[in-house]
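A quick write-up on the structure given underneath.
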Amino acid sequence: MSDRKSPSEDAAEQSSSPQNSNNVATGISRRGFLKGAGITAAGTALLEGVQVFSREAVAATHSDVKELGPGAVPVTLLVNGKEHTIQIEPRTTLADALRVHMGLIGTKVICDRGSCSGCTVLLDKTPVNSCMTLAMDARGHHVTTIEGLPQNGELHPLQTAFVKHDAMQCGFCTPGMVMSCAALLEKNPKPTEDDVRHATAGNLCRCGTYPRIFAATLEAAGTSTRNA
Amino acid sequence: MNQFILADCTTESGALSQLHDGAVVKAGGVDLLDLMKSGIATPTKLVNIRNISGMRGIHETAQGLNIGALTTLAEIEEDPAVKAHYAILSDACGHAATPQIRNMATVGGNLLQQNRCWYFRSDDFACLKKGKDMCFAFDGLNQYHAIFDNTTCPSVAPSSAAVALLGLNASVELTSAKGKRTVAIKDFYVHPDVNPMTRTVIAPDELLTAVVIPKPASGTRSAYQKYGEKRSYDWATADAGVVLEMDGNICRKAAIVMGAASPVVMRSPKAEAMLAGKPITEETARAAGKAAMEGAQPLSMNGYKVQLFPVAIYRTILLAAGQMGRDPSAVG
């Protein structure tokens, strides 16, 4: 994420909001976007009405409330069957906890806004965006990442099928795609192509490898005899 | 994203004790984290209600349905009772955002999320909705903006679930330390003309704890469809929620709801009047779609919505009536 553009460029050129992503097709231009903003387009705007909260005054007096942070605190997360104790701030996302604090860099962060699903991991058996989940909210759940799919050194059948069908080009969306499809097969072992399309509806692949991803998933499920 | 204190709450009363001095409630966290990553919201304390178990789940009662505010969109979509008797809600929750987000997003958070407008959602634009004195959408890019009620702030209502819940005459239950009150969805949202910065009538010390839906009259059929630029998932450029109370093929009463047409989710009494007391046919459905656009005031770039909404409404009326399948060109 170190190469992310400034927010203004991001908004004008490649906003991660799904609706805003088709800038070429819809004729969105930086100039048009800024029109009306005059020469004072840039300006920090904080949401007024949000009062500054005095940290010193904080005291959780209610017995059903436990305060964490704002500084780093020790947290134990169960990832791929193994407990990891890390020091993180409450603002740390699950994606950053996995990648930065645990070194599990198989999970990719692409849009960082829940729009591309590249960061998909399983929380228990449910696929979620790790970029939009606070790591603190993964406490008490089983987290499964792409590193957790192989068993006893053998690739998951889905991973084998992805390789066989060459279901990737640049490969950046692949971990998220595989996790979405793995969650589908866990829930529905005999999916149709429509089921696979539905399960991967949130996963964007800019290389356009979707047909091979569908074929690989159907083959792994044994519901298709199509070959690559 | 700024630093903050996370107040983990296990009970409703614990959460209510934290709602002061600008603390912001976090449930699924999807819209809140989006706003915080963009620098639009900078709370120094988040009240984490995600793990309050009593606020999650769908309960059928004699009066209808009671849905805990922490129930996820995916849970609502897949619930057999919702599918059987509240198809519009199952449709709407099942076509919101992406599968991953539907697994995380709660119905309470969905109803409370901020409107869609790329100027509001960029911290480079000090706009009306941020308490400043200017809207950038009128002279800027406004192809996704409102075609009704758009003279102050033409941002659009974001929630598919709200479209369904308005059509079903649902209410939200708001809880504070002083007690509970129930507010109908039709009275829940604040029009930008009244205050562009205030989205709902919820008070800072209140928690949205449940959604309450009355049991539909016998013979009720309903549906929701959303149109966007992508088929896989997208924000709506036009969407329609339809609830028909049928007596054979005669429609006793109809609710026609539009989401992405205006800053506050709206019903169209003019469209509904075209169906009341009449059979549902291609002709009456088309007339309703056309009537819904009376009074529309498109901006410089969103005139296409005046053509798209009637189609969305017409096809969704026929879908609700069982006379047409789900539109393959709709989102999802």
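Structure values in brief
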read-out: Gain on full stretching of the segment that runs from residue B:273 to residue B:323 - 0.36 nm per residue minus C-alpha separation; value: 16.0 nm
read-out: Drop in accessible area of at least 40 Å² in the complex versus isolated chain, residues of region B:140-175, 1.4 Å probe; value: B:141, B:144
read-out: Whole-Å distance, taken between Cα centres, linking region B:47-104 and region B:124-197; value: 22 Å
read-out: Residues in region B:86-109 reached by a label modelled at residue B:215 [backbone nitrogen below 14 Å; 7 Å Cα→Cβ]; value: B:86
read-out: Accessible surface of the protein assembly as shown [probe 1.4 Å, protein heavy atoms]: carbon and sulfur percent; value: 52 percent
read-out: Positive-end extreme of charge dipole, the protein assembly as shown - chosen from B:254, B:104, A:84 (charges on Cβ); value: B:254
read-out: Surface accessible to a 1.4 Å probe, per residue, for the residues of the protein assembly as shown, Å²; value: 41 Å²
read-out: For the pair B and A, total buried accessible area rounded to nearest 100 Å², probe 1.4 Å; value: 6200 Å²
read-out: Overall dimensions of region B:220-320 by Cα: Rg and Dmax, Å; value: 13.0, 44
read-out: Choice from B:225, B:63, B:18 showing the highest fluctuation, given a GNM over chain B with Cα pairs closer than 10 Å; value: B:63
read-out: Rounded tilt (10° steps) of B:282-291 against the dominant C-alpha axis of chain B; value: 50 degrees
read-out: Cα extents of region B:23-96 along the three principal axes, largest first (Å); value: 42, 26, 16
read-out: Dipole magnitude of chain B, debye to nearest 20 (Cβ charges: Lys/Arg +1, Asp/Glu -1, about Cα centre); value: 260 debye
read-out: Over the protein assembly as shown: helical MRE at 222 nm, DSSP H runs n ≥ 4 each giving -39500 (n - 2.57), nearest 500; value: -7000 deg cm²/dmol
read-out: Net dipole in debye of region B:220-320 [+1 Lys, Arg Cβ; -1 Asp, Glu Cβ; about Cα centre; nearest 20]; value: 40 debye
read-out: Nearest-ten-degree value, helix B:304-320 long axis tilted from longest Cα axis of chain B; value: 70 degrees
read-out: Net charge of neighbours whose Cβ lies under 9 Å from the Cβ of residue B:90, counting Lys and Arg as +1 and Asp and Glu as -1; value: -3
read-out: Anisotropy class of chain B from Cα gyration tensor, a/c 1.5 cut; value: oblate
read-out: Length released on extending from residue A:198 to residue A:105, taking residue separation times 0.36 nm less the Cα-Cα span; value: 30.8 nm
read-out: DSSP bridge pairs, chain B: antiparallel proportion in percent, nearest 5; value: 85 percent
read-out: Three-way shape call for the protein assembly as shown based on the alpha-carbon gyration tensor, with the a/c threshold at 1.5; value: rounded
read-out: Per-pair calculated FRET efficiency, R0 = 41 Å: residue B:195 and residue B:78 via Cβ, rounded to 0.05; value: 0.65
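The values are calculated or read from the model by the stated rules, or taken from the named source; none is laboratory data. Quick caveat: nothing in here was measured; it's all calculated off a predicted structure. No Cβ is skipped: glycine too gets one built from the backbone with ideal geometry, and neighbour counts run over all protein chains shown. These accessible areas exclude ligands, DNA and RNA; they are computed on the full protein's heavy atoms, side chains included. Shrake-Rupley method; radii C 1.70, N 1.55, O 1.52, S 1.80 Å.
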